[in-house]
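The values are calculated or read from the model by the stated rules, or taken from the named source; none is laboratory data. Just so you know, these numbers come straight off a predicted model, no measurement behind them. Every residue, glycine among them, receives a Cβ derived from its backbone with ideal geometry; neighbour counts consider all protein chains shown.
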Amino acid sequence: MRSEFKYWNNHLPYQIGHKADVTVHPVPEMLNFASVDALVRELKPRVPVHCIRPQVLQQVAQWFLDNFPGDVLYAVKCNPEPAVLHHLSQAGIRHFDVTSLSEIKLISKFAPGGTAYFMHPVKSRDAIRKAYFDYGVRDFALDSKDELQKIIEETGSATDLNLHIRLALPKGVAAHDLSGKFGAHPDLTVELLQAADKIARQVGICFHVGSQCLHPDAYRRAIKLAAQVIARSGIEIDIFNLGGGFPAVYPGMTPPPMSRFMDAIKAGLAEDIKLPAHTKVRCEPGRALVAEAGSVLVNVELRKGDNLYINDGVYGSLFDAGILNMRYPAKLIRGNGSEHKTPYKGFKLYGPTCDTVDVMRGPYLLPEDTTEGDWIELGQLGAYCTTMRSKFNGFDEHMTVEVWDQPQMQMKDWQPRTDRRTIDKDNVPALNLLALQREAYETEMS
């Protein structure tokens with residue numbers, strides 16, 4: 001008797017940009033479980049399972065809406081799952097940072113009342129034209145004169161454009177530096193601001209401090225540079241976009257409280273720049289909004305010593321774990337339902353493909369008797385997980401469900417006063433396990 005899960009479906013109205021006559025699409029039906037343990041007991045899945053936690057999405061979204069001094073845009077690239085878009089929209093996120101026509105289409109289907117902002121600095125002519133005429137998009141980012149000309153031509157010299165000039169920042173200290181590919185030099189940014197001001201309804205400046213930024217002061221330094229550029233341009237800015245980069249917590253990587261990032265931004269806006277009263281301030285969180293709300297359940301197909309061969313990997317949901325060596329918290333769920341009585345040790349994980357780069361080195365702390373048939377829940381995978389999947393070697397089968405237990409790790413800013421982790425009596429307490437993972441990480445890196 002399936003008493004531990006249910007189905008849900010919603011039919012909601014939708015409007016994107018300035019276009020109201022868009023077909024409404026319901027969010028796909030999805031299995032819904034009380035916990036990941038309940039999921040395993042009920043389904044015993046043999047394919048990777050992406051687990052979404054709606055309550056966490058809503059909790060974190062509400063925190064950003066309450067604490068950021070402006071509009072919050074969700075960076076869709078982090079996780080374009082329809083259910084994620086739905087829950088963020090329900091939580092009050094009405095603005096979406098998109099990088100492609102496909103993402104614009106997703107917003108048009110699954111985010112009621114949402115506005116799409118085409119913040120990729122380099123777009124195809126076809127994407128610009130369709131975004132403007134078919135989907136009502138009016139906001140476009142750029143970092144070159146050629147891109148500005150493309151936007152002018154493909155929108156028919158429209159007079160209702162909102163143009164955002166992407167400013168290049170010096171190489172920073174974020175975990176993943178983004179300074180090399182996009183952004184205009186300050187001198188060029190001045191020219192682009194002046195050129196855009198002659199044709200656009202609104203003109204803005206935007207930048208990105210880098211993904212997984214662990215230093216709040218990085219935003220203040222960026223604000224100071226942007227203030228200098230704006231002053232040189234001699235124009236009044238309508239939109240000031242601080243971009244993304246807001247971090248999530250991972251084993252061995254604990255950011256400062258998110259409130260410190262907000263304090264730095266508010267201080268920068270108050271002390272380091274003089275914006276007109278009408279200027280709209282925006283940010284584009286992605287990872288910070290969704291990382292904690294997702295996890296991936298994998299199955300152990302073989303053990304060789306300290307190596308576990310699982311049914312997901314670098315070409316599936318674990319690209320960052322393999323290529324970037326990101327660490328994720330791990331929780332074992334026994335295939336035979338027995339208790340965890342053995343000590344923990346570090347394991348290396350291998351994905352299902354034939355490629356030797358399909359490896360996640362970890363270490364992943366699990367009971368030392370972990371074996372074939374066991375399940376492992378890898379946490380903090382709400383960002384850059386499903387969106388990275390490929391069909392290499394034919395290992396693209398997976399399922400997506402909703403669960404209502406708490407994530408293995410959370411930023412303190414939105415943690416409730418009481419411990420909301422679901423800790424079964426037969427599991428190692430979550431806090432002790434995370435301490436073991438941090439210790440293993442620090443030992444390996446020393």
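Worth a mention:
- Top-ranked residue in the stretch 279-313 [being touching a residue at least 60 places away in the same chain (Cβ under 8 Å) and among the β-branched types (Val, Ile, Thr); ranked as farthest from residue 389 (Cα to Cα)]: 281
- Residue count for the stretch 363-378 under the criterion of being surrounded by fewer than 24 Cβ atoms within 10 Å (Cβ to Cβ) and either of a type in the set (D, E, K, R) or under 23 Å from the mean Cα position of the chain (by Cα) (or both): the result is 5.
Per-residue answers, yes or no, for (1) within 24 Å of residue 257 (Cα to Cα); (2) surrounded by fewer than 18 Cβ atoms within 10 Å (Cβ to Cβ); (3) of a type in the set (Phe, Trp, Tyr):
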site	(1), (2), (3)
36	no, no, no
53	yes, no, no
64	yes, no, yes
78	yes, no, no
103	no, no, no
120	no, no, no
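- The residues listed here are 163, 169; of these, the one that is in the same structural domain as residue 193 (by TED's automatic domain parsing) and either modelled with pLDDT of 95 or more or buried (at least 23 other Cβ atoms within 10 Å of the Cβ) (or both) is 163.
- Only one entry in 223, 107 is part of a helix (DSSP H, G or I), in contact (Cβ under 8 Å) with a residue 40 or more places away in the chain and under 21 Å from the mean Cα position of the chain (by Cα), namely 107.
- Positions within the stretch 294-342 being basic (Lys, Arg) and part of a loop (DSSP other than H, G, I, E, B), in sequence order: 327, 334, 341
- For the condition among the β-branched types (Val, Ile, Thr) and at pLDDT below 95, residue 137 does not qualify.
- Enumeration of residues in the stretch 204-235 that are of a type in the set (A, V, I, L, M) and in contact with a His (Cβ under 8 Å, 6 or more places away or on another chain): 205
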